[in-house]
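For reference, the structure discussed in these notes is given below.
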Amino acid sequence: MDLQVRDVRDSCEQLITVTPGCKADVLAASYYESGLHCGEAVVRAVNEVAGTPMPPEVFRMASGFCEGISGSRCTCGAMAGGVMAMGLVGGRTGSEQPWEPIWEATATLRSRFAQDQGTTLCDQISETHGGMDHPMRWAHCTELVGRTARWVVEIAEENHWL
């Protein structure tokens, strides 16, 4: 009996593999639930999955993107955080480097996000889930923040940046 249980446990451990994308998803959602804004949560999670190349102060750059750029309900903060996080892992550090790889990766992220949500605008996303103050919107955005971080990591892996 003990041998069978151990064999099953070993098999299950082999099947349960946490990918970097899944880790980013869970981290970003938990950071959002703990009070970080959507963009801050995405950047922090991707930074952590990337091995923390940037100090925590870097998340400050994402602080103004809550509720679609300081409450204006424009570009979704998770999307904006995704663009910043993509730059963190694959952006240029000088003008002599090609711009096309990060441009294409960011376009892929935007396309994935828009296809998933039907828009990249915070207002339209929140309104389809009861409005900014509705609990359904909060739950949806928690999941969306996680998915966005996962997409960033997946695209970065496809480009061999992670």
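Every listed requirement among (1) closer than 16 Å to Ala41 by Cα; (2) touching a Lys or Arg at 6+ places or on another chain (Cβ under 8 Å); (3) polar (S, T, N, Q) is met by Thr120 save one, (1).
Where helices (runs of 4 or more DSSP H) fall wholly inside the stretch 1-57, the ranges with 3 or more residues that are modelled with pLDDT of 95 or more and not basic (Lys, Arg) are 20-33, 38-49.
The number of residues in the stretch 45-79 being under 16 Å from Glu143 (Cα atoms) and within 15 Å of the chain's Cα centre (by Cα) comes to 7. Restricting the first member to the stretch 19-33 and to residues that are farther than 8 Å from Arg150 by Cβ, and the second to residues that are of a type in the set (Lys, Arg), the beta-carbon pairs closer than 7 Å and six or more apart or on different chains are Tyr31/Arg44. In the stretch 134-154, the qualifying residues are those that are touching a residue at least 60 places away in the same chain (Cβ under 8 Å) and of a type in the set (Gly, Ala, Ser), and the one that is farthest from Leu88 (Cα to Cα) is Gly146. Considering the stretch 45-62 alone, what residues qualify as being loosely packed, with under 14 Cβ neighbours inside 10 Å and among the small types (Gly, Ala, Ser)? Listed by number, the list holds a single entry, Gly51.
Of everything in the stretch 81-115 that is out of contact with any helix residue (DSSP H, G or I) (no Cβ under 9 Å at 6 or more places or on another chain), of a type outside the set (A, V, I, L, M, F, W, C) and not in a helix (DSSP H, G or I), the residue that is surrounded by the most Cβ atoms within 10 Å (Cβ to Cβ) is Gln97.
Residue count for the stretch 117-162 satisfying the condition of being assigned to a loop (DSSP other than H, G, I, E, B), within 16 Å of Met79 (Cβ to Cβ) and at pLDDT 95 or above: 3.
Would the stretch 108-115 turn up any residue that is at pLDDT 95 or above and of a type in the set (A, V, I, L, M)? Within the stretch 108-115 (the criterion being at pLDDT 95 or above and of a type in the set (A, V, I, L, M)), the answer is yes, since at least one residue qualifies.
The values are calculated or read from the model by the stated rules, or taken from the named source; none is laboratory data. Source: prediction; values computed, not measured. Reconstructed Cβ throughout: ideal geometry from the backbone, glycine too, with neighbour counts over all protein chains shown.
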